[in-house]
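First up is the structure itself, then whatever we jot down about it.
Please treat every number below as a calculation from the coordinates, not as lab data. The structure displayed is predicted, hence computed values, not measured ones. No Cβ is skipped: glycine too gets one built from the backbone with ideal geometry, and neighbour counts run over all protein chains shown.
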Number of protein chains: 2
Amino acid sequence: MKSPLAQVDEAERDELRSLMLARSPVLTAFRLNYVANSFVARLYGRMEAEVGITRAQFIVMLCLSVRDGTTAQEIADATQRPKNSLSRAVRALEQKDLIERRLDPVDHRRQPMGLSNAGRTLFRRLEPMAAEQEAAMLAPLNAEDRKRLSELLMKMAATF
Amino acid sequence: MKSPLAQVDEAERDELRSLMLARSPVLTAFRLNYVANSFVARLYGRMEAEVGITRAQFIVMLCLSVRDGTTAQEIADATQRPKNSLSRAVRALEQKDLIERRLDPVDHRRQPMGLSNAGRTLFRRLEPMAAEQEAAMLAPLNAEDRKRLSELLMKMAATF
DNA sequence: TCTGTCAAGTTCCATTTGGAACGATCTGTG
DNA sequence: CACAGATCGTTCCAAATGGAACTTGACAGA
């Protein structure tokens, strides 16, 4: 059990965080990044510890779950991650038999990929972890707020 | 000038991005991270190229601009960055004479820091760059939307 | 006062990162 | 058909990263 002194210390520890969230310049951007950082740190920390899947590996699987036959280059363009990192992630996923890499019959430079059965099975474990983390993040918002937030972010993402 | 074919290619290149923004699981989190990633990539890319200030260095200066006398440990807690990275950033800023490091007279472990005059001058160049990037990010939103977005993010950041 | 524990900041070092160069392949033009 | 230029994925390697150990200082309890 914590002493009153420890509680004071803890409050002081959060003081700068609150101050930054309330008063830093470029307020919206700061808050946005703060929330995004918290989200990815918790999610990828958990995925790596519990399932041994890294950020880049999850991103590849996520893209393949949305569209089978996606290539590494397309993932790089869509997610703003360097393609050599993705290349490594792809190799790791392939070695774990979580994805299958085909060769585009008409363009031999491209390697369309897809989740394997094992990959789909694993992804079904990963997805709820992301959903849980999102739920925790959105916890303070009611249904209408959530809908509006998602729409606002969509507007921004569409042109930025 | 681009050929019609090139335009088609460009549309195809964005296809996965649009698809992910519209249909990926954990939609709100994906959009949030997409926007946040775009923001930091552009901002820190520009700061590093034009002013030679890294992400960690900017974060330190930002915290000091909000509260003089902040310590490295407090910045680590408030911004979720590892303290050894911050330690390096602090040393780099000190060598450039952008910050001053004092010694807490009552607790000699702590080193409260502050922007130097040169640091304040440089920060006045950095801040508009962040503001511009934020403005670009928020461009599709009207004044009311912006206010609401910032409030929603504040609610989330307060407890997450 | 002495001792054990904890906190702030630094340093060590194995790992990760990503820009740049590369090889292979495709496409368009003469 | 040959060649120039672009594109996909990979590899190289210098630099950044961050977990863990370390140093120094604070402090509570015996």
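Structure notes:
- Mean projected area in nm² (Cα convex hull; one quarter of hull surface) for segment B:75-160: 8.0
- When chain A is treated as a Gaussian network with alpha carbon springs shorter than 10 Å, the biggest mean-square fluctuation among A:M137, A:M20, A:M61 belongs to A:M20.
- Highest-fluctuation residue, B:R17, B:R125, B:R55 considered, GNM on chain B with Cα pairs under 10 Å: B:R17
- Top positive-direction residue, dipole computed over segment B:17-61 with Cβ charges, set B:S18, B:Y44, B:N33: B:S18
- Shielding by partners, peptide A:67-73 (average Cβ within 10 angstrom, other chains): 2
- Chain B, dipole about Cα centre (Lys/Arg Cβ +1, Asp/Glu Cβ -1), debye to the nearest 20: 340
- Average projection, convex hull of the Cα set of the protein assembly as shown: 20.6 square nanometres.
- Whether segment A:15-77 is rounded, prolate or oblate, judged on the alpha carbon gyration tensor where a/c under 1.5 counts as rounded: oblate
- Inter-site label distance for A:R102 and B:T121 at 7 Å from Cα along Cβ, in nm: 6.2
- Rounded to the nearest 500, the helix-only mean residue ellipticity at 222 nm of chain A stands at -24500 deg cm²/dmol, with each DSSP H run of n ≥ 4 adding -39,500 (n - 2.57).
- Derived scalar couplings ³J(HN,Hα) [segment B:68-76; Karplus, 6.51 cos²θ - 1.76 cosθ + 1.60; whole Hz; x for Gly, Pro]: 5, x, 5, 9, 4, 4, 5, 5, 4
- Cα centroid separation, segment A:91-105 to segment B:83-145: 44 Å.
- Nearest-0.05 FRET efficiency for B:A143 and A:A49, computed from C-beta distance (R0 56 Å): 0.85
- Computed over chain A, Kirkwood Rh from alpha-carbon pairs, angstrom: 18.5
- Inter-copy label distances at B:D104 (7 Å, Cα→Cβ; nm, one decimal): 5.8
- Computed about the Cα centre, the dipole magnitude for segment B:69-153 is approximately 340 debye when only Lys and Arg (+1) and Asp and Glu (-1) carry charge, each at its Cβ.
- Residue and distance (whole Å) for the chain B Cβ nearest the axis that superposes B on A: B:A36, 2
- Candidates A:V26, A:V51, A:V90, ranked by Gaussian network fluctuation over chain A, Cα under 10 Å, top entry: A:V26
- Each Lys and Arg contributes +1 and each Asp and Glu -1, all at the Cβ; summed about the Cα centre of the protein assembly as shown, the dipole is approximately 340 debye.
- B:R88 label point (Cα plus 7 Å toward Cβ) to equivalent points in the other copies: 1.5 nm, shortest first.
- With 26 Å as the limit, the listed pairs B:K96/B:K147; A:K155/B:K147; A:K147/B:K155; A:K147/B:K147 have B:K96/B:K147 beyond it between alpha carbons.
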